[in-house]
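A.B. asks: Structure provided below as structure tokens; questions to follow.
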Amino acid sequence: MIILSIDTSCDETAVAVTEGRRVLSNTLYSQILIHKKWGGVVPSLAKRAHEEKIDFVVTDALRTARVGVEDVDFIAVTQGPGLAVALEVGIRKAKELALKHNKKLISVNHLEGHIYSCFVQNRIGNPRNPFEFPYLAVIVSGGHTQIVKFTDHLTYEIIGSTVDDAAGEALDKAAKLLGLGYPGGHVLETLAQQVKNEDFYRFPRPMRNSKDANFSFSGLKTSFYYFLKRAQENRESLDIPKLASSFQEAVFDSLIYKITYAMQETRIPNVTVGGGVIANKHLRTKIRNLIREYGSRVLFPPFPYLTGDNAAMMGVAASFKALRHQFADPAKLDRIPRLELTSQTG
Ligand code: KG4
Ligand code: ZN
């Protein structure tokens with residue numbers, strides 16, 4: 001079963017060809033350089049870049065996979081959540097391909113892609129880890145921070161979410177305040193490593209004792225902002241690596257507290273973690289240490305490209321929909337920018 005999948009949910013034009021969990025090709029055109037100078041994603045520029053690149057990216061993914069479009073069984077596409085004008089480009093292209101080549105369409109939630117990213121295999125089927133449900137699936141990206149009970153294929157129950165900013169968004173905002181550019185997660189990681197990831201300033205950990213699995217990062221950001229403002233007013237010199245490390249530690253501690261809480265409440269010891277922020281090595285170490293103490297197993301995306309946005313993870317999620325005959329009606333399929341993660345049957 002070969003699937004061509006498209007994800008244009010934000011600032012990457014992504015197309016992959018997958019067969020079950022195996023990735024035959026994964027092509028990505030990143031718009032980061034376009035948005036960098038504006039300090040964030042500019043919707044109109046994203047839309048135009050997706051439109052300009054989508055045909056090239058589809059062709060490249062098929063060529064790299066050494067697959068003709070006639071060999072493709074299904075076309076999968078991200079329906080949401082994401083940027084409306086960006087999602088539209090991928091959905092339009094998926095419908096066009098499905099109609100032209102007489103293929104069935106599968107719609108995928110971007111967040112289920114991030115969950116399935118931990119189960120993606122390379123072309124020859126590695127890693128071979130089987131599914132051992134249930135999992136606590138954690139998503140830590142630029143747009144989302146969630147803890148989800150993942151009890152069977154395509155079966156989700158959200159047990160915790162951020163009430164304001166996402167973890168990656170908080171890191172990006174802190175990096176911006178420090179004048180480090182956008183996106184900032186990776187830059188903060190490098191600076192924090194210079195000071196051994198230590199916590200020097202003990203910024204607050206909002207909602208630490210809230211007895212739920214929800215997160216909040218905007219209070220932390222505000223406290224960081226006033227800390228910098230005060231220091232500047234007092235003409236104190238700022239130690240950027242120490243600030244980066246301390247802020248990062250506050251965000252990661254919040255994640256650790258709530259993953260611990262969720263593991264204790266649900267008694268689910270197996271954890272998966274997907275999304276851009278899990279590219280961070282220090283966060284991986286903190287989560288591994290936690291699992292050593294409380295849990296039994298943690299899965300991260302097995303290859304670096306799977307932490308950020310990509311279409312391979314969407315194709316793997318779509319393969320389980322195809323097995324259950326969950327197809328989308330091309331006449332009705334439309335983007336849903338605020339699509340929630342729900343279990344779909346049908
Ligand atoms: O999953 P992703 O590529 O896009 C979304 O769906 O949002 O996540 C992007 C986020 C950004 O906030 C970026 O700063 C963060 O992931 N990120 C990192 C690292 N690499 C990317 N955060 C911490 N450490 C990193 N190494
Ligand atoms: Zn994403």
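A.B. asks: Hydropathy first: keep DSSP H helices in the chain averaging at least 0.0 on Kyte-Doolittle, then drop any whose Cα extent along the axis falls short of 24 Å, and list what survives.
C.D. replies: Long hydrophobic helices here: 84-101, 240-266.
A.B. asks: Pop the C-beta distance of Ser343 and Thr260 into the FRET formula with R0 = 22 Å and round what comes out to the nearest 0.05.
C.D. replies: FRET efficiency, Ser343 to Thr260: 0.30.
A.B. asks: If you don't mind, there's one more thing I want to ask. Summing +1 for each Lys or Arg and -1 for each Asp or Glu, what net charge is found among the other residues whose Cβ lies under 11 Å from the Cβ of Asn310?
C.D. replies: -3
A.B. asks: In addition: Please report the spacing between the Cα centers of the range 153-219 and the range 253-320 in Å, no decimals.
C.D. replies: 15 Å
A.B. asks: Determine the gain in length on full extension of the stretch Arg128-Gln193; use 0.36 nm per residue of separation and subtract their C-alpha separation, reporting nm with one decimal.
C.D. replies: 20.2 nm
A.B. asks: Taking the Cα atoms of the chain, what is the range of coordinates along each of the three principal axes, in descending order and whole Å?
C.D. replies: Reported extents, whole Å, longest axis first: 67, 45, 34.
A.B. asks: Across the chain, where is the longest run that never hits GluC sites (Glu not before Pro) in a DSSP loop with at most 13 other C-beta atoms within 10 Å?
C.D. replies: That would be 1-131.
A.B. asks: Can you return the lysines within cross-link range of Lys100? Criterion is Cα-Cα under 29 Å, with same-chain partners fewer than 8 residues away left out.
C.D. replies: Hits, sequence-local ones excluded: Lys47, Lys53, Lys321, Lys332.
A.B. asks: Testing the spin-label approximation: label points 7 Å from Cα along Cα→Cβ at Tyr305 and Lys37. State their distance in nm.
C.D. replies: 2.8 nm
A.B. asks: At Asp334 and Met1, where each label point lies 7 Å from the Cα along Cα→Cβ, what is the point-to-point distance in nanometres?
C.D. replies: Once both label points are built, they end up 2.9 nm from each other.
A.B. asks: With +1 assigned to the C-beta of every Lys and Arg and -1 to the C-beta of every Asp and Glu, and no other charges, what is the dipole magnitude of the range 59-141 about the Cα centre in debye, to the nearest 20?
C.D. replies: Computed about the Cα centre, the dipole is about 220 debye.
A.B. asks: Sticking with this structure for a sec: Plugging the Kirkwood radius over Cα pairs into Stokes-Einstein for the range 135-301, at a temperature of 20 °C and a viscosity of 1.002 mPa s, what D comes out in µm²/s?
C.D. replies: Diffusion coefficient, whole number: 133 µm²/s.
A.B. asks: Hey, another quick one. Can you pull the percent of the chain's accessible area that's carbon plus sulfur, 1.4 Å probe, other chains left in place?
C.D. replies: Result for the chain: 51 percent of the exposed heavy-atom area is carbon or sulfur.
A.B. asks: Now a separate question. Taking a probe of 1.4 Å, how large is the accessible area per residue of the chain, in Å²?
C.D. replies: Per-residue value: 44 Å².
The values are calculated or read from the model by the stated rules, or taken from the named source; none is laboratory data. Being a predicted model, the structure only gives us computed values, none of them experimental. Don't worry about glycine lacking a Cβ; one is built from the backbone with ideal geometry, like all the others, and counts go over all protein chains shown. Heavy atoms of the whole protein, side chains included, go into the accessibility calculation; ligands, DNA and RNA do not. Shrake-Rupley method; radii C 1.70, N 1.55, O 1.52, S 1.80 Å.
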